[in-house]
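Engineer: I am attaching a structure below and will ask some questions about it afterwards.
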Amino acid sequence: MEIEETFIKDCFTIKPTIFTDDRGVFFESFNQNTFEKLTDLNISFVQDNQSFSTYGVLRGLHFQKGKFAQAKLVRVVRGEVLDVAVDLRKDSETYGKHFSVILNDTNNYQLFVPRGFAHGFIVLSKEVIFNYKCDNYYNKSSESGIRYNDPKLNIDWKLDKSEIILSNKDKELALLKDLF
């Protein structure tokens, strides 16, 4: 397993060692000891979530506020997404910056998104099964988000606006400048 810190502190890409033979593929998707050793972070995941979406669905940019903030380890089980993490830590040198990476069932990369970040993804394949581990429990009253097309963030979602499918809730999310 290879873990690389992105240009945003505490945000990591994780690249597994993949073993293939005539039977198929095997890889270790998570190892607590290796994760802690290579990141210097002590994270305990308490909740796993999984979603199924189709081409063009954009989920995000979501986060949990206050004591319900969540760090996430995200990956694709089947399909392909563009995954995006936005730094919302006011004291960070990269506040308001984002990191994006292609996650799919071929590269099997994962992204570790620390607390204090908004997170979202857009489906680039026909279908996707998306999985994420969280280090804190979901709390409905603490959910928040940033509009996917916030001009300050200037995220390239790789699809034409006409192809993007949003929930009604995600269409109404605030701009970054209006959050804090």
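Engineer: I'm checking my understanding of the structure. Among residues of region 107-118 that are touching a Phe, Trp or Tyr at 6+ places or on another chain (Cβ under 7 Å) and assigned to a strand (DSSP E or B), which one is nearest to I164 (Cα to Cα)? Full working, then the answer.
Structural biologist: Initial filter on region 107-118 (touching a Phe, Trp or Tyr at 6+ places or on another chain (Cβ under 7 Å)): 108, 112, 117-118.
Applying the additional criterion that residues be assigned to a strand (DSSP E or B) yields 112, 117-118.
Details: F112: 25, F117: 22, A118: 19 Å.
Checked region 107-118; the qualifying residue nearest to I164 (Cα to Cα) is A118.
Engineer: Right, another one. Pull up region 1-33, narrow it to residues that are surrounded by 14 or more Cβ atoms within 10 Å (Cβ to Cβ) and of a type in the set (S, T, Y), then point me to the one that is farthest from R75 (Cα to Cα).
Structural biologist: Taking the candidates together, the pick is T6.
Engineer: In region 152-170, which residues are exposed (fewer than 10 other Cβ atoms within 10 Å of the Cβ) and more than 24 Å from T94 (Cα to Cα)?
Structural biologist: D160, K161, S162, N168
Engineer: Just to be sure before I move on: is I43 under 19 Å from E4 (Cβ atoms), β-branched (V, I, T) and modelled with pLDDT of 95 or more in the structure I sent?
Structural biologist: On the way: under 19 Å from E4 (Cβ atoms): yes; β-branched (V, I, T): yes; modelled with pLDDT of 95 or more: no.
In short, no.
Engineer: Take F99 and tell me if it is buried (at least 16 other Cβ atoms within 10 Å of the Cβ) and closer than 14 Å to I8 by Cβ.
Structural biologist: Working: buried (at least 16 other Cβ atoms within 10 Å of the Cβ): yes; closer than 14 Å to I8 by Cβ: yes.
It is true that F99 is buried (at least 16 other Cβ atoms within 10 Å of the Cβ) and closer than 14 Å to I8 by Cβ.
Engineer: Based on what the data block shows, is K158 at positive phi and not β-branched (V, I, T)? Let's see the steps before the verdict.
Structural biologist: Working: at positive phi: yes; not β-branched (V, I, T): yes.
Here the answer is yes, as K158 does meet what is asked.
Engineer: So if I check each of V77, V81, which one is within 20 Å of Y109 (Cβ to Cβ) and within 12 Å of the chain's Cα centre (by Cα)?
Structural biologist: Just a single option satisfies the conditions, and that option is V81.
Engineer: I would also like to ask the following. Looking at the structure I just gave you, is A118 out of contact with any Pro (no Cβ under 7 Å at 6 or more places or on another chain), without any contact (Cβ under 8 Å) to a residue 60 or more places away in the chain and buried (at least 18 other Cβ atoms within 10 Å of the Cβ)?
Structural biologist: Working: out of contact with any Pro (no Cβ under 7 Å at 6 or more places or on another chain): yes; without any contact (Cβ under 8 Å) to a residue 60 or more places away in the chain: yes; buried (at least 18 other Cβ atoms within 10 Å of the Cβ): yes.
Yes, satisfied.
Engineer: Of all residues in region 1-36 being of a type in the set (D, E, K, R) and touching a strand residue (DSSP E or B) at 6+ places or on another chain (Cβ under 9 Å), which is farthest from S100 (Cα to Cα)? Full working, then the answer.
Structural biologist: Looking only at region 1-36, we keep the residues that are of a type in the set (D, E, K, R), and these are 2, 4-5, 9-10, 15, 21-23, 28, 36.
Filter once more, keeping what is touching a strand residue (DSSP E or B) at 6+ places or on another chain (Cβ under 9 Å): 2, 4-5, 9-10, 15.
Values: E2: 18, E4: 14, E5: 13, K9: 14, D10: 14, K15: 15 Å.
Per the criteria, the residue is E2.
Engineer: If you go through region 131-138 one residue at a time, do you hit one that is over 28 Å from Q32 (Cα atoms) and out of contact with any strand residue (DSSP E or B) (no Cβ under 6 Å at 6 or more places or on another chain)?
Structural biologist: We begin by selecting, within region 131-138, every residue over 28 Å from Q32 (Cα atoms); these are none.
No, that holds for no residue.
Engineer: Run down L73, L111 and say which single residue is of a type outside the set (K, R) and touching an Asp or Glu at 6+ places or on another chain (Cβ under 6 Å).
Structural biologist: That would be L111, the only listed residue that is of a type outside the set (K, R) and touching an Asp or Glu at 6+ places or on another chain (Cβ under 6 Å).
Engineer: Need the failing condition index for L111 against (1) surrounded by fewer than 20 Cβ atoms within 10 Å (Cβ to Cβ); (2) closer than 20 Å to P16 by Cβ; (3) aliphatic (A, V, I, L, M), just the number.
Structural biologist: (1)
Engineer: With respect to V128, determine if the residue is within 21 Å of I3 (Cα to Cα) and either out of contact with any His (no Cβ under 8 Å at 6 or more places or on another chain) or not in a loop (DSSP other than H, G, I, E, B) (or both).
Structural biologist: Working: within 21 Å of I3 (Cα to Cα): no; either out of contact with any His (no Cβ under 8 Å at 6 or more places or on another chain) or not in a loop (DSSP other than H, G, I, E, B) (or both): yes.
Spelling it out, it is not the case that V128 is within 21 Å of I3 (Cα to Cα) and either out of contact with any His (no Cβ under 8 Å at 6 or more places or on another chain) or not in a loop (DSSP other than H, G, I, E, B) (or both).
Engineer: I would also like to ask the following. Anything in region 34-63 that is part of a strand (DSSP E or B), among the charged types (D, E, K, R) and either without any contact (Cβ under 8 Å) to a residue 24 or more places away in the chain or surrounded by 12 or more Cβ atoms within 10 Å (Cβ to Cβ) (or both)? List them, or say none. Quick ask: steps written out before the conclusion?
Structural biologist: Here is the first cut: in region 34-63, the residues part of a strand (DSSP E or B) are 47-54, 57-63.
With the extra rule that they be among the charged types (D, E, K, R), the set shrinks to 48, 59.
If the condition is that a residue be part of a strand (DSSP E or B), among the charged types (D, E, K, R) and either without any contact (Cβ under 8 Å) to a residue 24 or more places away in the chain or surrounded by 12 or more Cβ atoms within 10 Å (Cβ to Cβ) (or both), then R59 is the only one that fits.
The values are calculated or read from the model by the stated rules, or taken from the named source; none is laboratory data. Since the model is a prediction, treat every value here as computed from it, not as a measurement. Backbone-built Cβ (ideal geometry, glycine too); neighbour counts: all protein chains shown.
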